[in-house]
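Worksheet: the structure to be examined is printed underneath.
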Amino acid sequence: MLNLVIFGPPGSGKGTQSAKIAEKYRITHLSTGDLLRQEVEHDTPLGKEIRKYIDKGLLVPDEIVLREIKQQINGQEGIPGFIFDGFPRTINQAEAFDRMLDQNDTPLCLVISVEVEEEELFNRLMGRSEDSGRSDDSDEIIKRRLKVYKEQTFPLISYYKAQGKIATIKGMDPVEQVFGKICHAIDTYLCSRKVLPVVY
Ligand code: AP5
Ligand code: MG
């Protein structure tokens, strides 16, 4: 089973690249942002709770996110794999995720870490804000999301480096070039079952 995580700050291209990876490697794209936004759209009590966090640019509590992920991956034995987009985002989520994957005997193969400069991230998200319809794509909230990433999510790089699972991708290039580098990292893993500690 090919289990991949795409990791990076808001606007680094996780969603854009995940769609392409899912199509090429025939794996399922699981975006916690999309799952949570669906709950918000349904306007259930849970959706209302989630909205409070998303609209402020804060992380949704781990227990809610972990429940969503469990629902998605359990009972899906036999499928070729997943690309997890926007998850995990805290050390607590990463540890719980490791336990879940262990129980299912489907370990995480590779964490694709996409690096983009902060000014470019801000410009991309402001550019997208005109037609994204996302409540969190506004000047102040984008800044908050970038801050939350640095404080709560960035430390996961060390967590996965220690496991030898990080492939670092420079994400400032056009979409197709970034995708080419990601495919190179995935194909290298598939050939050797090893993650090379290089920057693509
Ligand atoms: P989430 O939906 O995950 O959003 P995000 O991480 O803030 O990132 P984005 O989706 O905005 O950007 P992206 O990296 O996917 O880039 P994209 O491809 O869209 O999370 C939203 C919220 O949900 C969180 O704030 C939190 O509240 C909650 N949440 C989600 N997961 C959670 C979790 N695990 N725990 C707790 N809370 C959670 O690209 C961005 C733009 O750039 C697009 O316009 C695109 O066309 C463009 N672009 C992409 N690549 C390139 C390129 N190479 N060159 C030029 N432009 C590009
Ligand atoms: Mg996204």
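The values are calculated or read from the model by the stated rules, or taken from the named source; none is laboratory data. Worth saying up front: this structure is predicted, and the values here are computed from it rather than measured. When we count neighbours, we look across all protein chains shown, and the Cβ atoms used for this are built from the backbone with ideal geometry, even at glycine. Ligands, DNA and RNA are stripped out before the accessible areas are found, and what is left, the full protein with its side chains, is counted by its heavy atoms. Shrake-Rupley method; radii C 1.70, N 1.55, O 1.52, S 1.80 Å.
Would you mind stating whether Lys14 is within 14 Å of ligand 2 (Cβ to nearest atom), open to solvent by 20 Å² or more (accessible area, probe 1.4 Å) and in contact (Cβ under 8 Å) with a residue 12 or more places away in the chain? Spell out the reasoning first.
Details: within 14 Å of ligand 2 (Cβ to nearest atom): yes; open to solvent by 20 Å² or more (accessible area, probe 1.4 Å): yes; in contact (Cβ under 8 Å) with a residue 12 or more places away in the chain: yes.
It is true that Lys14 is within 14 Å of ligand 2 (Cβ to nearest atom), open to solvent by 20 Å² or more (accessible area, probe 1.4 Å) and in contact (Cβ under 8 Å) with a residue 12 or more places away in the chain.
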Return the only residue of Tyr189, Tyr160 being surrounded by 16 or more Cβ atoms within 10 Å (Cβ to Cβ) and either within 15 Å of ligand 1 (Cβ to nearest atom) or not aromatic (Phe, Trp, Tyr) (or both).
Tyr160
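Would you confirm, using the coordinates I've provided, whether Gly47 is closer than 22 Å to Val178 by Cα and open to solvent by less than 20 Å² (accessible area, probe 1.4 Å)? Give the steps one after another, and end with the answer.
Numbers: closer than 22 Å to Val178 by Cα: no; open to solvent by less than 20 Å² (accessible area, probe 1.4 Å): yes.
Taking the combined requirement at face value, the residue does not satisfy it.
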Exactly one condition in (1) in a strand (DSSP E or B); (2) touching a residue at least 60 places away in the same chain (Cβ under 8 Å) is false for Leu30; which is it?
(2)
Is it true that Lys170 is under 18 Å from the mean Cα position of the chain (by Cα), closer than 18 Å to Glu120 by Cα, open to solvent by 50 Å² or more (accessible area, probe 1.4 Å) and among the charged types (D, E, K, R)?
yes
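Can you pull out every residue in segment 52-68 that is open to solvent by 30 Å² or more (accessible area, probe 1.4 Å) and touching a residue at least 24 places away in the same chain (Cβ under 8 Å)?
Going through segment 52-68, the residues open to solvent by 30 Å² or more (accessible area, probe 1.4 Å) turn out to be 52-53, 55-56, 58-59, 61-63, 67.
Answer for segment 52-68, where residues must be open to solvent by 30 Å² or more (accessible area, probe 1.4 Å) and touching a residue at least 24 places away in the same chain (Cβ under 8 Å): Asp55, Lys56, Leu58, Leu59, Asp62.
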Okay, helices (runs of 4 or more DSSP H) sitting entirely in segment 109-176 with 3 or more residues that are of a type outside the set (A, V, I, L, M) and closer than 24 Å to Ala94 by Cα, I get 139-148, 156-162
Quick count over segment 18-59, residues being under 20 Å from Ile91 (Cβ atoms), more than 14 Å from the chain's Cα centre (by Cα) and of a type in the set (A, V, I, L, M), is 1
Go through the residues of segment 98-117 one by one and say whether even a single one is open to solvent by 40 Å² or more (accessible area, probe 1.4 Å), within 15 Å of Pro10 (Cβ to Cβ) and more than 14 Å from the chain's Cα centre (by Cα).
yes
